[in-house]
Amino acid sequence: MADLPPPNILTPILVVDDDSDVRRVVTWALEDAGFMVATAADGAAACTCAASQRPAVVVLDVGLPDADSTLVAARLRDACGSTLPILVITADGRAAAKAARVGAYAYLHKPFEDDALVAAVRLGLGR
């Protein structure tokens, strides 16, 4: 893993998931890897957080009950720039199609291993 960039502890990774347990586990895994993490439970909170925090990568659950993930992704990119890396996480079997729809650079199926999450976030940082 020497070719992957080190975590930037000054720029947060934004984790967006309506399930508080998933947010907590993802936050712990990323913080253990040295990342600073911001969280949001819904699309509106994610957009507000992104505008103020300017995340380096967004980990986005595409099954948010309050908003269409494509619209959330578009709003996040409006707030942070069109090249904002988005990693999709989902329990849905159509993860690849959903990730493509939001313009994500990668996706993970829930449940996933902490190492896979950290590697995917590092990949997004290297974009």
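Here are some notes:
- Take the Cα radius of gyration of the chain and divide it by 2.2 N^0.38 Å, N being the number of residues; the result is 0.93.
- Here the chain is assigned +1 on the Cβ of each Lys and Arg and -1 on the Cβ of each Asp and Glu. Its dipole about the Cα centre then comes out at about 480 debye.
Here, each number is a calculation from the coordinates, and none is a lab measurement. These figures come from a predicted structure and were not determined experimentally. As a convention, Cβ positions derive from the backbone with ideal geometry for all residues, glycine included, and neighbour counts pool all protein chains shown.
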